[in-house]
Amino acid sequence: MKVIRVENQVEGAKVALELLKEKLAQGAKTLGLATGSSPIEFYKQIIASDLDFSELTSVNLDEYVGLSEDNPQSYRYFMNEQLFHKKPFKESFLPNGVAEDAEAEVERYNQVLADHPIDLQILGIGINGHIGFNEPGTSFDSTVHIVDLEQSTIEANARFFDKIEDVPTQAFSMGIRNILDAKSIILFAYGASKAQAIAGTVQGEVTESLPASALQRHEDVVIIADKEALSLLDA
(Lines give C-alpha, C1' and ligand atoms only; values in the text may rest on other atoms or scores of the structure.)
Protein backbone atom coordinates (compact mmCIF):
# COMPACT_ATOMS: atom_id res chain seq x y z
CA MET A 1 0.00 0.00 0.00
CA LYS A 2 1.43 3.36 -1.06
CA VAL A 3 0.26 6.63 0.51
CA ILE A 4 0.72 9.87 -1.45
CA ARG A 5 0.16 13.13 0.39
CA VAL A 6 -1.22 15.99 -1.67
CA GLU A 7 -2.22 19.55 -0.88
CA ASN A 8 -5.74 19.39 -2.24
CA GLN A 9 -8.10 17.59 -4.60
CA VAL A 10 -6.66 19.28 -7.69
CA GLU A 11 -3.19 17.96 -6.97
CA GLY A 12 -4.64 14.58 -6.03
CA ALA A 13 -6.47 14.37 -9.33
CA LYS A 14 -3.28 15.17 -11.23
CA VAL A 15 -1.46 12.35 -9.47
CA ALA A 16 -4.32 9.95 -10.20
CA LEU A 17 -4.45 11.00 -13.84
CA GLU A 18 -0.79 10.12 -14.30
CA LEU A 19 -1.38 6.74 -12.67
CA LEU A 20 -4.36 6.18 -14.99
CA LYS A 21 -2.23 7.00 -18.03
CA GLU A 22 0.33 4.43 -16.89
CA LYS A 23 -2.35 1.75 -16.58
CA LEU A 24 -3.79 2.59 -20.00
CA ALA A 25 -0.32 2.36 -21.53
CA GLN A 26 -0.04 -1.09 -19.97
CA GLY A 27 -3.24 -2.16 -21.70
CA ALA A 28 -5.99 -1.49 -19.17
CA LYS A 29 -9.44 -2.00 -20.70
CA THR A 30 -11.87 -1.73 -17.77
CA LEU A 31 -12.09 1.02 -15.17
CA GLY A 32 -14.01 0.69 -11.93
CA LEU A 33 -15.54 4.05 -11.04
CA ALA A 34 -16.94 5.72 -7.93
CA THR A 35 -19.36 8.53 -7.17
CA GLY A 36 -19.37 11.09 -4.36
CA SER A 37 -17.33 14.26 -3.99
CA SER A 38 -13.85 12.71 -3.84
CA PRO A 39 -13.44 11.74 -7.53
CA ILE A 40 -15.15 14.81 -9.09
CA GLU A 41 -11.92 16.72 -9.71
CA PHE A 42 -10.38 13.56 -11.15
CA TYR A 43 -13.24 13.29 -13.63
CA LYS A 44 -12.84 16.97 -14.54
CA GLN A 45 -9.20 16.39 -15.39
CA ILE A 46 -10.03 13.27 -17.39
CA ILE A 47 -12.51 15.31 -19.45
CA ALA A 48 -9.91 18.03 -20.04
CA SER A 49 -7.32 15.46 -21.14
CA ASP A 50 -6.80 14.01 -24.60
CA LEU A 51 -7.49 10.48 -23.36
CA ASP A 52 -9.81 8.43 -25.56
CA PHE A 53 -12.13 6.08 -23.71
CA SER A 54 -14.13 4.95 -26.73
CA GLU A 55 -12.64 1.45 -26.54
CA LEU A 56 -12.80 1.18 -22.75
CA THR A 57 -15.44 -0.23 -20.43
CA SER A 58 -16.47 1.22 -17.07
CA VAL A 59 -18.21 -0.47 -14.17
CA ASN A 60 -19.45 1.46 -11.17
CA LEU A 61 -19.32 0.44 -7.54
CA ASP A 62 -22.93 1.00 -6.58
CA GLU A 63 -26.38 2.49 -7.07
CA TYR A 64 -29.21 3.42 -4.77
CA VAL A 65 -32.16 1.04 -4.61
CA GLY A 66 -35.31 2.78 -5.80
CA LEU A 67 -33.77 5.54 -7.92
CA SER A 68 -34.11 5.45 -11.70
CA GLU A 69 -31.28 6.57 -13.95
CA ASP A 70 -33.07 9.83 -14.77
CA ASN A 71 -33.38 10.75 -11.09
CA PRO A 72 -30.87 13.56 -10.42
CA GLN A 73 -29.76 11.82 -7.20
CA SER A 74 -29.06 8.47 -8.86
CA TYR A 75 -25.49 7.46 -9.44
CA ARG A 76 -26.15 6.84 -13.14
CA TYR A 77 -27.29 10.46 -13.45
CA PHE A 78 -24.21 11.61 -11.51
CA MET A 79 -21.86 9.67 -13.79
CA ASN A 80 -23.60 10.92 -16.92
CA GLU A 81 -23.25 14.52 -15.77
CA GLN A 82 -19.74 14.26 -14.34
CA LEU A 83 -18.12 12.06 -16.99
CA PHE A 84 -19.99 9.91 -19.47
CA HIS A 85 -21.70 12.64 -21.50
CA LYS A 86 -18.37 14.40 -21.96
CA LYS A 87 -15.98 11.44 -22.20
CA PRO A 88 -17.99 8.43 -23.37
CA PHE A 89 -16.86 4.84 -22.92
CA LYS A 90 -17.58 1.94 -25.24
CA GLU A 91 -19.79 0.52 -22.47
CA SER A 92 -20.66 1.81 -19.01
CA PHE A 93 -22.31 -0.43 -16.43
CA LEU A 94 -24.10 0.41 -13.18
CA PRO A 95 -26.60 -1.58 -11.17
CA ASN A 96 -30.22 -0.89 -12.08
CA GLY A 97 -31.71 0.83 -9.05
CA VAL A 98 -35.29 0.11 -10.11
CA ALA A 99 -34.88 -3.51 -11.16
CA GLU A 100 -38.12 -5.38 -10.55
CA ASP A 101 -36.23 -8.45 -9.31
CA ALA A 102 -33.48 -7.32 -6.96
CA GLU A 103 -31.88 -10.74 -6.58
CA ALA A 104 -31.77 -11.17 -10.35
CA GLU A 105 -30.11 -7.77 -10.60
CA VAL A 106 -27.47 -8.86 -8.10
CA GLU A 107 -26.74 -11.92 -10.25
CA ARG A 108 -26.67 -9.81 -13.42
CA TYR A 109 -24.15 -7.37 -12.01
CA ASN A 110 -21.93 -10.10 -10.64
CA GLN A 111 -21.86 -11.50 -14.17
CA VAL A 112 -21.01 -8.06 -15.57
CA LEU A 113 -17.98 -7.97 -13.28
CA ALA A 114 -16.99 -11.50 -14.22
CA ASP A 115 -17.18 -10.56 -17.91
CA HIS A 116 -15.25 -7.31 -17.42
CA PRO A 117 -12.36 -7.80 -14.96
CA ILE A 118 -11.38 -4.43 -13.48
CA ASP A 119 -7.90 -3.16 -14.27
CA LEU A 120 -8.09 -0.01 -12.13
CA GLN A 121 -10.67 0.65 -9.42
CA ILE A 122 -11.33 4.16 -8.09
CA LEU A 123 -12.53 4.40 -4.48
CA GLY A 124 -13.56 6.94 -1.91
CA ILE A 125 -13.92 6.07 1.75
CA GLY A 126 -16.71 6.67 4.25
CA ILE A 127 -16.18 8.09 7.71
CA ASN A 128 -16.96 4.60 9.05
CA GLY A 129 -14.45 3.02 6.67
CA HIS A 130 -16.92 1.81 4.08
CA ILE A 131 -15.77 1.29 0.50
CA GLY A 132 -18.48 1.14 -2.08
CA PHE A 133 -21.51 0.78 0.16
CA ASN A 134 -19.92 -2.04 2.14
CA GLU A 135 -20.73 -1.05 5.70
CA PRO A 136 -18.85 -2.29 8.79
CA GLY A 137 -19.45 -5.99 9.32
CA THR A 138 -19.55 -6.82 5.61
CA SER A 139 -17.73 -10.05 4.81
CA PHE A 140 -14.44 -9.67 2.98
CA ASP A 141 -15.69 -12.50 0.74
CA SER A 142 -18.82 -10.60 -0.29
CA THR A 143 -19.73 -10.07 -3.92
CA VAL A 144 -22.49 -7.82 -5.33
CA HIS A 145 -25.24 -7.50 -2.76
CA ILE A 146 -28.03 -5.27 -1.42
CA VAL A 147 -26.89 -3.14 1.51
CA ASP A 148 -28.91 -1.65 4.35
CA LEU A 149 -27.20 1.71 4.77
CA GLU A 150 -26.03 2.77 8.22
CA GLN A 151 -27.53 5.94 9.68
CA SER A 152 -24.12 7.66 9.50
CA THR A 153 -23.99 6.95 5.76
CA ILE A 154 -27.53 8.21 5.24
CA GLU A 155 -26.68 11.39 7.17
CA ALA A 156 -23.46 11.90 5.19
CA ASN A 157 -25.36 11.60 1.90
CA ALA A 158 -28.27 13.78 3.01
CA ARG A 159 -26.47 16.89 1.71
CA PHE A 160 -27.31 15.74 -1.82
CA PHE A 161 -31.06 15.56 -1.10
CA ASP A 162 -33.74 18.09 -0.18
CA LYS A 163 -34.31 16.36 3.16
CA ILE A 164 -32.89 13.35 4.94
CA GLU A 165 -36.15 11.43 4.54
CA ASP A 166 -35.49 11.40 0.78
CA VAL A 167 -32.19 9.52 1.11
CA PRO A 168 -32.58 5.86 0.09
CA THR A 169 -31.91 3.38 2.87
CA GLN A 170 -30.61 0.59 0.61
CA ALA A 171 -28.17 0.28 -2.26
CA PHE A 172 -26.74 -2.26 -4.64
CA SER A 173 -22.98 -2.47 -4.12
CA MET A 174 -20.01 -4.39 -5.36
CA GLY A 175 -18.80 -6.58 -2.54
CA ILE A 176 -15.36 -6.36 -1.00
CA ARG A 177 -14.25 -9.42 -2.93
CA ASN A 178 -15.22 -7.69 -6.19
CA ILE A 179 -13.15 -4.66 -5.20
CA LEU A 180 -10.13 -6.73 -4.20
CA ASP A 181 -10.31 -8.56 -7.53
CA ALA A 182 -9.31 -5.32 -9.32
CA LYS A 183 -5.71 -5.40 -10.53
CA SER A 184 -4.97 -1.92 -9.14
CA ILE A 185 -6.80 0.43 -6.77
CA ILE A 186 -6.68 4.19 -6.18
CA LEU A 187 -8.42 5.53 -3.08
CA PHE A 188 -9.06 9.25 -2.57
CA ALA A 189 -9.47 10.69 0.95
CA TYR A 190 -9.81 14.37 1.80
CA GLY A 191 -10.57 16.16 5.04
CA ALA A 192 -10.29 15.53 8.77
CA SER A 193 -13.52 13.53 8.85
CA LYS A 194 -11.71 10.73 6.99
CA ALA A 195 -8.63 10.68 9.24
CA GLN A 196 -9.74 7.92 11.60
CA ALA A 197 -10.84 5.67 8.73
CA ILE A 198 -7.57 6.22 6.88
CA ALA A 199 -5.47 5.52 9.97
CA GLY A 200 -7.28 2.22 10.44
CA THR A 201 -7.07 1.37 6.76
CA VAL A 202 -3.32 1.89 6.57
CA GLN A 203 -2.06 0.95 10.03
CA GLY A 204 -4.89 -0.74 11.87
CA GLU A 205 -6.00 -4.32 12.30
CA VAL A 206 -7.45 -6.00 9.22
CA THR A 207 -11.00 -6.43 10.38
CA GLU A 208 -14.46 -6.55 8.90
CA SER A 209 -15.48 -3.84 11.34
CA LEU A 210 -13.44 -1.48 9.11
CA PRO A 211 -14.16 -2.58 5.53
CA ALA A 212 -11.36 -0.56 3.94
CA SER A 213 -8.76 -2.41 6.03
CA ALA A 214 -9.21 -5.26 3.56
CA LEU A 215 -7.10 -3.18 1.17
CA GLN A 216 -4.04 -4.17 3.19
CA ARG A 217 -4.39 -7.57 1.53
CA HIS A 218 -4.12 -6.12 -1.98
CA GLU A 219 -0.81 -5.89 -3.82
CA ASP A 220 -1.38 -2.59 -5.66
CA VAL A 221 -3.22 0.10 -3.70
CA VAL A 222 -2.42 3.81 -3.84
CA ILE A 223 -4.05 6.13 -1.30
CA ILE A 224 -4.12 9.78 -2.38
CA ALA A 225 -4.96 12.00 0.57
CA ASP A 226 -4.48 15.46 2.01
CA LYS A 227 -2.81 16.48 5.28
CA GLU A 228 -6.08 16.42 7.22
CA ALA A 229 -7.02 12.91 6.11
CA LEU A 230 -3.53 11.67 7.02
CA SER A 231 -3.36 13.51 10.34
CA LEU A 232 -3.81 10.43 12.54
CA LEU A 233 -1.22 8.25 10.81
CA ASP A 234 1.83 7.37 12.88
CA ALA A 235 4.93 9.06 11.52
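The values are calculated or read from the model by the stated rules, or taken from the named source; none is laboratory data. Worth saying up front: this structure is predicted, and the values here are computed from it rather than measured. Every residue, glycine as well, gets a Cβ built from its backbone with ideal geometry; the counts of neighbours run over all protein chains shown. The accessibility values were calculated without ligands, DNA or RNA, using every heavy atom of the protein model including side chains. Shrake-Rupley method; radii C 1.70, N 1.55, O 1.52, S 1.80 Å.
Take Ala28 and decide whether it is under 23 Å from Asp148 (Cβ atoms), surrounded by 15 or more Cβ atoms within 10 Å (Cβ to Cβ), in contact (Cβ under 8 Å) with a residue 40 or more places away in the chain and of a type in the set (A, V, I, L, M).
no
Taking Thr207 and the conditions (1) closer than 25 Å to Glu105 by Cα; (2) more than 13 Å from the chain's Cα centre (by Cα), which numbered condition does it fall short on, given that it satisfies the others?
(1)
Looking at (1) under 30 Å from Ala99 (Cα atoms); (2) under 16 Å from the mean Cα position of the chain (by Cα), can you tell me which one Leu56 breaks?
Against the list (1) under 30 Å from Ala99 (Cα atoms); (2) under 16 Å from the mean Cα position of the chain (by Cα), Leu56 comes up short only on (2).
Being more than 14 Å from the chain's Cα centre (by Cα) and assigned to a loop (DSSP other than H, G, I, E, B) is the filter; apply it to the stretch 8-36 and report the residue that is nearest to Asn157 (Cα to Cα).
Out of the qualifying residues, it is Asn8.
Working only within the stretch 94-136, note down all residues that are within 18 Å of the chain's Cα centre (by Cα), more than 16 Å from Lys183 (Cα to Cα) and open to solvent by 50 Å² or more (accessible area, probe 1.4 Å).
Asn96, Ile127, listed by residue number.
Quick one: which strands (runs of 3 or more DSSP E) lie wholly within the stretch 169-235 and hold at least 3 residues that are touching a residue at least 24 places away in the same chain (Cβ under 8 Å), of a type in the set (Val, Ile, Thr) and open to solvent by less than 20 Å² (accessible area, probe 1.4 Å)?
Numbers: elements: 170-173, 184-189, 221-226.
Per the criteria, 221-226.
I'd like to verify a number: residues in the stretch 59-92 that are more than 17 Å from Ile40 (Cα to Cα), open to solvent by 40 Å² or more (accessible area, probe 1.4 Å) and not polar (S, T, N, Q), how many?
6
From (1) within 16 Å of the chain's Cα centre (by Cα); (2) of a type in the set (A, V, I, L, M); (3) buried (at least 20 other Cβ atoms within 10 Å of the Cβ), pick out the condition that doesn't hold for Ile40.
Only one criterion is unmet by Ile40, namely (3).
Being closer than 20 Å to Leu94 by Cα, open to solvent by less than 20 Å² (accessible area, probe 1.4 Å) and without any contact (Cβ under 8 Å) to a residue 40 or more places away in the chain: is that true of Leu149 here?
Yes.
This table checks each residue for (1) farther than 26 Å from Val221 by Cα; (2) of a type outside the set (S, T, N, Q); (3) in contact with a Cys (Cβ under 9 Å, 6 or more places away or on another chain).
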| position | (1), (2), (3) |
| --- | --- |
| Glu69 | yes, yes, no |
| Leu83 | no, yes, no |
| Ala102 | yes, yes, no |
| Pro136 | no, yes, no |
| Thr143 | no, no, no |
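Please work out which one of (1) modelled with pLDDT of 95 or more; (2) part of a loop (DSSP other than H, G, I, E, B) is the condition Asp162 fails and give its number.
All conditions are met except number (1).
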